[in-house]
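Report on one structure; see the data block that follows.
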Amino acid sequence: MPETTVSLEVRDAGGGACILGVRGEITAASEDALMDAYARAGGEDVKAIVLDFSELGYMNSGGIGLLVTLLVRANRAKQKLLAFGLNEHYCQIFELTRLDEAIAIHATEADAVAAAR
């Protein structure tokens, strides 16, 4: 199995929101790390998961697929999924795949957290 090159920081943003800070690459090899971080962020009081992509190095189609899996899990838990920190390239990919219609993209952490609440 390929080695993952991502680390995810989980932090409470208050108001029922939790931030997952992505550092490195999101590929199919990132599944265990991403789902573990989501599990650590979860809980009954968490109403929104905010993905911080400001330190994202790379994401491929396998990574996009993982985000869809994460979206399904968040929807089942009745949680919002939001994002910030995407560079122009990844914003375009979210638009082309229409992922931006399901995961709200914001310019800043403050904007994303405010929308999460």
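The values are calculated or read from the model by the stated rules, or taken from the named source; none is laboratory data. Keep in mind the model is a prediction, meaning the values are calculated, not measured. For neighbour counting, all protein chains shown are included, and Cβ atoms are generated from backbone atoms with ideal geometry for every residue, glycine included.
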Q: Determine whether region 95-115 contains at least one residue that is surrounded by fewer than 20 Cβ atoms within 10 Å (Cβ to Cβ), in contact with a helix residue (DSSP H, G or I) (Cβ under 6 Å, 6 or more places away or on another chain), in a helix (DSSP H, G or I) and at pLDDT 95 or above.
A: yes
Q: Collect the residues in region 74-117 that are more than 21 Å from residue 58 (Cβ to Cβ) and β-branched (Val, Ile, Thr), keeping them in residue-number order.
A: 108, 113
Q. Mind checking which pairs have a first residue in region 1-23 that is modelled with pLDDT under 90 and a second that is aromatic (Phe, Trp, Tyr) and part of a strand (DSSP E or B), Cβ under 9 Å, 6 or more apart or different chains?
A. 5/58
Q) So which residues in region 26-56 are among the aliphatic types (A, V, I, L, M) and either free of Cβ contacts under 8 Å to residues at least 24 places away in the same chain or on the phi > 0 side of the Ramachandran plot (or both)? A) 39
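Do the conditions hold for residue 46, that is, is it surrounded by fewer than 20 Cβ atoms within 10 Å (Cβ to Cβ) and more than 18 Å from residue 116 (Cβ to Cβ)?
Numbers: surrounded by fewer than 20 Cβ atoms within 10 Å (Cβ to Cβ): yes; more than 18 Å from residue 116 (Cβ to Cβ): no.
No, not satisfied.
Evaluate the following for residue 96: is it within 12 Å of the chain's Cα centre (by Cα) and either in contact (Cβ under 8 Å) with a residue 24 or more places away in the chain or farther than 22 Å from residue 117 by Cβ (or both)? Outline the logic, then answer.
Values: within 12 Å of the chain's Cα centre (by Cα): no; either in contact (Cβ under 8 Å) with a residue 24 or more places away in the chain or farther than 22 Å from residue 117 by Cβ (or both): yes.
Here the answer is no, as residue 96 does not meet what is asked.
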